[in-house]
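Quick notes on the structure that follows.
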Amino acid sequence: MRALVWNGKRDVRVENVPDPELESPTDVIIRVTSTGLCGSDLHLYEVLGPFLEAGDILGHEPMGVVEEVGSEVTHVSRGDRVVIPFNISCGSCFMCDRGYQSQCETTQNTDQDKGASLFGYTKLYGQVAGGQAEYLRVPQGHYGPVKVPEGPADDRFLFLSDVLPTAWQAVHYADVPNGGTVAIFGLGPIGQMASRIAHHLGHRVIAVDLVDERLQMARKWGVEVLDLRDHDDRIADAVRELTDGRGADSTIDAVGMEAHGTPALELIQQAAGLLPDRAAEKLFEEAGVDRMGALHASINAARRGGTVSISGVYGGMLDPMPLMTMFDRQLTFRMGQANVKRWMDELLPLVTDDADPLGVESFTTHRVPLEEAPAAYEMFQKKKDGAFKIVFTP
């Protein structure tokens with residue numbers, strides 16, 4: 001089959017690789033019909049090379065049609081249309097029973113001291129072949145795949161794999177009080193969808209970004225926007241000015257680690273790329289290598305007694321945190337990988353609603369053949385041609 005594989009920093013290629021096969025009675029094989037390009041994929045493209053090996057298949061936002069099922073799979077059959085959650089979970093362990101599928105004890109990577117395995121996301125999370133390919137083996141297929149109806153376009157359902165549950169969890173974790181305000185930092189796909197969800201749930205939403213197209217997109221969905229370029233390091237003051245001087249009841253950091261923008265961090269990341277893999281892994285895991293502006297702004301813009309929800313992914317162990325401020329202001333923090341299956345009962349009615357209340361059918365800005373994926377990665381990384389959400393068609 002054809003698949004998008006990693007070969008080095010900023011070097012991804014579509015190559016011929018072996019077709020996947022059933023390896024366990026709980027496996028499922030799907031023929032991929034659509035697969036998304038996520039901001040987290042750029043971490044692999046730009047920064048996290050020490051945790052990858054040449055030939056690793058990337059991608060964790062797939063959907064498609066079931067081709068084969070293992071003998072213990074009963075909830076889906078050949079020919080079913082399914083979405084595949086990005087985290088791989090069993091559905092029956094201690095953590096899954098409590099709704100923490102991203103911490104599944106069956107697929108937990110204890111040798112790396114990490115949570116559940118993820119599709120297409122480094123040796124830290126199981127080194128499982130990803131979904132930017134023509135076919136995909138789905139471990140724990142007796143539980144993971146989400147069956148969706150025939151008829152509507154893939155874009156109606158594709159974002160159940162990651163974007164929708166991640167954004168939904170971010171808003172849920174923000175614990176916005178009735179009649180309250182949430183400030184969202186970053187209007188990429190997760191921040192944009194979190195803004196729509198929070199507005200749909202009746203909250204007042206203030207969103208921060210510095211890209212004109214993203215600010216305009218949020219504004220169309222009833223969101224109040226603040227252009228970071230107009231406020232820079234006073235963005236928290238700008239939020240307070242809109243909230244009676246207190247700050248937002250809740251804030252969401254939808255940015256996380258970025259691979260560019262801060263010269264000192266770029267230097268660290270580049271230096272790590274020159275080290276042997278084991279040494280580079282240690283540097284990334286034990287040093288502070290993240291750009292922290294969005295997180296610090298989320299902390300400073302929250303009112304006293306407020307909640308900070310973190311959906312952006314960070315990679316450094318020693319990133320500096322303003323603990324005195326966090327303690328003094330009695331802030332509550334919630335964060336983590338989305339527990340995808342936990343939120344399906346709330347999300348499925350929204351994506352099957354003919355009114356499309358979250359605008360998922362128009363969320364994709366670029367749909368391109370899988371063969372053009374390398375150019376699409378570069379376009380997305382450089383934010384060219386208004387690239388906001390890219391979907392590949394194998």
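Read-outs throughout are calculated quantities, based only on the coordinates presented, and are distinct from any laboratory measurement. Every value quoted in this text rests on a predicted model; they were computed, and no experiment measured them. Neighbour counts run over all protein chains shown; Cβ positions are idealised from the backbone, glycine included.
At Glu21 and Ala153, where each label point lies 7 Å from the Cα along Cα→Cβ, what is the point-to-point distance in nanometres? For Glu21 paired with Ala153, the spin-label model returns 3.9 nm.
Which net charge results for the neighbourhood of Lys384, defined as the other residues with beta-carbon distances under 13 angstrom from its beta-carbon, given Lys and Arg at +1 and Asp and Glu at -1? Don't jump to the answer; show the numbers that get you there.
Values: positive: Lys382, Lys383; negative: Glu213, Glu378, Asp385.
Cβ neighbours under 13 Å give a net charge of -1.
Cβ-to-Cβ counts within 10 Å put Arg78, Arg342 in ascending order as Arg78, Arg342, the fewest first.
Which value in deg cm²/dmol, rounded to the nearest 500, describes the helix-derived mean residue ellipticity at 222 nm for the chain, given -39,500 (n - 2.57) per DSSP H run of n ≥ 4 and division by the residue count?
Working: 13 runs with 111 residues, N = 394.
Calculated mean residue ellipticity at 222 nm is -8000 deg cm²/dmol.
Scalar couplings 3J(HN,Hα) for the stretch 20-37, obtained by applying the Karplus form with A = 6.51, B = -1.76, C = 1.60 to θ = phi - 60°, are x, 10, 5, 10, 8, x, 9, 7, 9, 10, 10, 8, 6, 9, 8, 8, x, 9 Hz; x denotes Gly and Pro. Close amide H partners of Met335, meaning residues 5 or more places away or on another chain with modelled amide H under 5 Å apart, are Ile310. Most mobile of Met217, Met324, Met379 per a Gaussian network model of the chain (Cα springs, under 10 Å)? Taking springs between Cα atoms under 10 Å, the residue moving most is Met324.
In this calculation the C-beta distance from Arg13 to Asp244 is compared with R0 = 51 Å, giving a FRET efficiency of 0.40. Couplings for the stretch 236-252, taken from phi via the Karplus curve 6.51 cos²θ - 1.76 cosθ + 1.60 with θ = phi - 60°, read 5, 4, 5, 5, 4, 4, 8, 9, 6, x, 8, x, 6, 4, 9, 10, 10 Hz in order; Gly and Pro are left as x.
Annotated for the chain: lysine pairs at least 8 residues apart or interchain, Cα distance under 22 Å, count 14. Count Lys and Arg as plus one, Asp and Glu as minus one, and take only other residues whose Cβ is under 9 Å from that of Arg78; the net charge is then -3. Among residues other than Arg98 with Cβ under 11 Å from its Cβ, the summed charge is -1 (Lys and Arg +1, Asp and Glu -1). Taking θ as phi - 60° and the Karplus parameters 6.51, -1.76 and 1.60, the scalar couplings of the stretch 99-111 work out to x, 10, 5, 6, 10, 2, 6, 6, 10, 4, 8, 5, 5 Hz in sequence order, x denoting glycine and proline.
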